[in-house]
There are 2 protein chains.
Amino acid sequence: MDQKDYLAELAHKGITAKAAARRLATVPTSVKNKALNNMADALERENSCIIAANAEDVARGKKNSLPNSLIDRLMLNDARIKDMAEGLRQISRLPDPIGETIAGWQRPNGLKINKIRVPLGVIGIIYEARPNVTVDAAGLCLKAGNAVILRGGSEAIVSNTAITQVIADAAKAADIPEGAIQLVATTDRQAVNAMLRLNQYLDVIIPRGGAGLIKTVVENSSVPVIETGTGVCHTFIDGTADLDIAQEVAFNAKVSRPGVCNAMETLLVHKDVAAQFLPSMLERYHQAGVELRGCPAAIGYHPSVKTATEEDWATEYLDFILAVKVVNSLDDALEHISAYGTRHSEAIITRDYNSAKRFQNEVDAAAVYVNASTRFTDGFEFGFGAEIGISTQKLHARGPMGLPELTSIKYIIDGNGQIR
Amino acid sequence: MDQKDYLAELAHKGITAKAAARRLATVPTSVKNKALNNMADALERENSCIIAANAEDVARGKKNSLPNSLIDRLMLNDARIKDMAEGLRQISRLPDPIGETIAGWQRPNGLKINKIRVPLGVIGIIYEARPNVTVDAAGLCLKAGNAVILRGGSEAIVSNTAITQVIADAAKAADIPEGAIQLVATTDRQAVNAMLRLNQYLDVIIPRGGAGLIKTVVENSSVPVIETGTGVCHTFIDGTADLDIAQEVAFNAKVSRPGVCNAMETLLVHKDVAAQFLPSMLERYHQAGVELRGCPAAIGYHPSVKTATEEDWATEYLDFILAVKVVNSLDDALEHISAYGTRHSEAIITRDYNSAKRFQNEVDAAAVYVNASTRFTDGFEFGFGAEIGISTQKLHARGPMGLPELTSIKYIIDGNGQIR
């Protein structure tokens, strides 16, 4: 496809999405919920067609020697399609954020000002190989009254095309305006760059995927972006920690699911408890297949610990690898986290009130835990009932993003002839 | 100054600002207020030194044939310095947004989650010739616990340098960390571009100035931006309008201060009241020196109306010029606003309940008025007691931005050993 084609495609989809967004902003909750349930039913009804489309992607992926982990993420089956449908039904049961009066007041001149929650408008989602993001993102955007333009990875293009067709048709059948859910057909990477300059039509872009994708989007987008993802998360075992809690939490934070952004990457241990805590802890990691990289002091506590380099402290392994550092004080732990953390999730294990309070006050991160695993940074675990991603920026949204994070506000002002 | 120099300057200021921001986040309100009052006193005490510095800028501006309006904005005198100082004292009396618990809840597993208001971190402000922005922005950022890196226009560099020195020293004397208030010394335009890529140090950039500056920032910044400014605002006189109110509001919205973003640029009039409303209204504008550009129907109502071009409907005149259009219906007015509005401020004058509600629900803008002037879109008029700008984007902040809009959130989680 040449440049003119994908620019024309994006402009057409942008115009259509903008028109849909304008109408979607005033669609009642009942209509949106009906559409979400229609979409769920349609996915289950059309599952064989979706699986057939997906088989094409999987076959092409294998032919192109995609890694097995990617093939696994790409692959759809009955159970996964059922999960996607259930996800939509769950979204239909969540409260609708739109229309809420967040605040209201009257001015001395009699003007009545109300601050109302409204949709963002048109949301662009740029993601990678997992076709379930197509359904999930479309459902969340729709419930919050937004039109969405989806741009999935080229590996999943046939699956995503089939899925989008099914859910967009089902939404339309429930009186959702045409153009509310659209997929970019062009797989050319240049289409992503063009999308990042689509300020005329897009109100925000949310990238979902690996560090490379997110970096590309952040660096090149003139459309406002919500940055998601990278988590170099720490657990600091304070000198007063309950070491049983420390063992369980530190093990869970690393091992329960190392491939996600809220997993711990570096364990910091106060020198006062290092000798008591580290030998059994490191042995437990070793038994679980965790590769250990440590500071000189940490190396002394287990034979499997290799020397950590400067790069290790800054790396999001997303794997069964852990960096371990013995620190002299809470201050040193705070310094280390400030220098190497990515402002995602940080935890302290302590019995000391002042240490707990200082850690919570001074650590600059989306989620700061006392005596709990960093793995809880998640929209579902926080009780939001949904998650479009975890923001690691400070603008607009920080931490797990649920439906309210997919909204904006407007001021509605009632007067009776006021002039200034 | 060569490239290496300004890159080194920006990196150094970035590092210093980041360190300051980390400490500022936990500085008590009393210290910040003391600093703001110190800064105000210092401005008044050093006013002759500031005026002398400003005289250099003014003389250079005149030599370079800057337009008179720009020279006026640039010029400082005793009264203007007193206003700047009073502005800081006002900020010291505003409530401190930092530390507020916005929400708190407990999860079934016992985790206690609190959502706390925290500073954004380091804010970059890029602005033009008005040196009062230096004081205003520094004061607001400080009160909200943020470090600020200021980049004013080259026309005001000597004034801004003197002012920054005075207020930064006064802040430091009140125990505000060094580096909390800094000015970019380089006047090279390339320094702006470098600042727009300073993701490592800046959490947000807020441009304040004309359309050209804002466009440059939005298009080139990889740091998150809050877009401010452009207002192509409309007033729609509905067929049921109280025409006395319509006259006063429409006159005020255009004439009270045409050079600001919340001034009306286009007047839309329902055909049912055009013959009754427009002749006297247009004559009143004409008497006030307003140049009129209208649709074919509008031209018939006053001899001074020239033919409006397509471009007129999309132009923010910021001047004594008004576009006038007669429309057939509320729907036509909504279509026109959707096509040409900049989502800033829009007003309807009506006595019809349904028209009022439809207008407020369907117009997509930061502020939507019934029977009042668009000129009220302003932090002070809204009762915020401050204003760092008016956001025309939907992410993070929309409409007038006060102190809470200069903050982010973090989640503080208390546990007793929870794992996932």
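Which of the residues belonging to region B:196-227 are in contact with a Lys or Arg (Cβ under 6 Å, 6 or more places away or on another chain) and at pLDDT below 95?
From region B:196-227, those in contact with a Lys or Arg (Cβ under 6 Å, 6 or more places away or on another chain) are B:201, B:203, B:222; that's our starting set.
Within region B:196-227, B:222 is the sole residue that qualifies.
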Residue B:417 fails exactly one of the following numbered conditions: (1) of a type outside the set (D, E, K, R); (2) surrounded by 22 or more Cβ atoms within 10 Å (Cβ to Cβ); (3) under 30 Å from residue A:250 (Cα atoms). What is the number of that condition? (2)
Here's a check for you: in region A:339-355, which residue that is over 22 Å from the mean Cα position of the chain (by Cα) and hydroxyl-bearing (Ser, Thr, Tyr) is surrounded by the most Cβ atoms within 10 Å (Cβ to Cβ)? A:350
Residue among A:237, A:206, A:149 that alone is touching a residue at least 60 places away in the same chain (Cβ under 8 Å), in contact with a strand residue (DSSP E or B) (Cβ under 6 Å, 6 or more places away or on another chain) and either open to solvent by 30 Å² or more (accessible area, probe 1.4 Å) or outside the structural domain of residue A:97 (by TED's automatic domain parsing) (or both): A:237
Total residues in region A:392-419, condition facing chain B (nearest Cβ under 10 Å) and part of a strand (DSSP E or B): 14
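If you check B:172, B:215, which single one turns out to be among the charged types (D, E, K, R), within 14 Å of another protein chain (Cβ to nearest Cβ) and open to solvent by 20 Å² or more (accessible area, probe 1.4 Å)? Steps first, answer last, please.
Details: B:172 fails: within 14 Å of another protein chain (Cβ to nearest Cβ).
B:215 is the lone residue from the list that is among the charged types (D, E, K, R), within 14 Å of another protein chain (Cβ to nearest Cβ) and open to solvent by 20 Å² or more (accessible area, probe 1.4 Å).
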Pull up region A:98-144, narrow it to residues that are free of Cβ contacts under 8 Å to residues at least 12 places away in the same chain and assigned to a loop (DSSP other than H, G, I, E, B), then point me to the one that is nearest to the other protein chains (Cβ to nearest Cβ). A:107
Tally up the residues in region A:385-396 that are open to solvent by 10 Å² or more (accessible area, probe 1.4 Å) and among the aliphatic types (A, V, I, L, M), please. 1
Among A:7, A:24, the single one that is surrounded by fewer than 19 Cβ atoms within 10 Å (Cβ to Cβ), within 19 Å of residue A:122 (Cα to Cα) and in contact (Cβ under 8 Å) with a residue 40 or more places away in the chain is A:7
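Could you identify the single residue in A:78, A:57 that is assigned by TED's automatic domain parsing to the domain that holds residue A:98, open to solvent by less than 40 Å² (accessible area, probe 1.4 Å) and charged (D, E, K, R)? Show your work before the answer.
Numbers: A:78 fails: open to solvent by less than 40 Å² (accessible area, probe 1.4 Å).
Going through A:78, A:57 in turn, the sole match is A:57.
For (1) touching a Leu at 6+ places or on another chain (Cβ under 9 Å); (2) closer than 28 Å to residue A:192 by Cβ, each residue gets a yes or a no:
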{"residue": "A:10", "(1), (2)": "yes, yes"}
{"residue": "A:13", "(1), (2)": "yes, yes"}
{"residue": "A:29", "(1), (2)": "no, no"}
{"residue": "A:47", "(1), (2)": "yes, no"}
{"residue": "A:76", "(1), (2)": "no, yes"}
{"residue": "A:84", "(1), (2)": "yes, yes"}
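Limited to region B:363-384, what total is found for residues that are assigned to a loop (DSSP other than H, G, I, E, B) and either among the basic types (Lys, Arg) or open to solvent by 20 Å² or more (accessible area, probe 1.4 Å) (or both)?
Of region B:363-384, the ones assigned to a loop (DSSP other than H, G, I, E, B) are B:363-366, B:373, B:377-384.
So of that shortlist, the ones also either among the basic types (Lys, Arg) or open to solvent by 20 Å² or more (accessible area, probe 1.4 Å) (or both) come out as B:364, B:378, B:380-381, B:383-384.
Qualifying residue count, region B:363-384: 6.
State the number of residues belonging to region B:372-391 that are touching a residue at least 24 places away in the same chain (Cβ under 8 Å) and either within 25 Å of residue A:369 (Cβ to Cβ) or more than 7 Å from chain A (Cβ to nearest Cβ) (or both). Before the answer, list the steps.
Of the residues in region B:372-391, the ones touching a residue at least 24 places away in the same chain (Cβ under 8 Å) are B:372-378, B:385-386, B:388-391.
Narrowing further to those that are either within 25 Å of residue A:369 (Cβ to Cβ) or more than 7 Å from chain A (Cβ to nearest Cβ) (or both): B:374, B:377-378, B:385-386, B:388-391.
Count: 9.
The values are calculated or read from the model by the stated rules, or taken from the named source; none is laboratory data. Everything quoted here is computed from the prediction, not taken from an experiment. When we count neighbours, we look across all protein chains shown, and the Cβ atoms used for this are built from the backbone with ideal geometry, even at glycine. Each accessible area value is taken on the protein alone, full model and side chains, heavy atoms only, with ligands, DNA and RNA left out. Shrake-Rupley method; radii C 1.70, N 1.55, O 1.52, S 1.80 Å.
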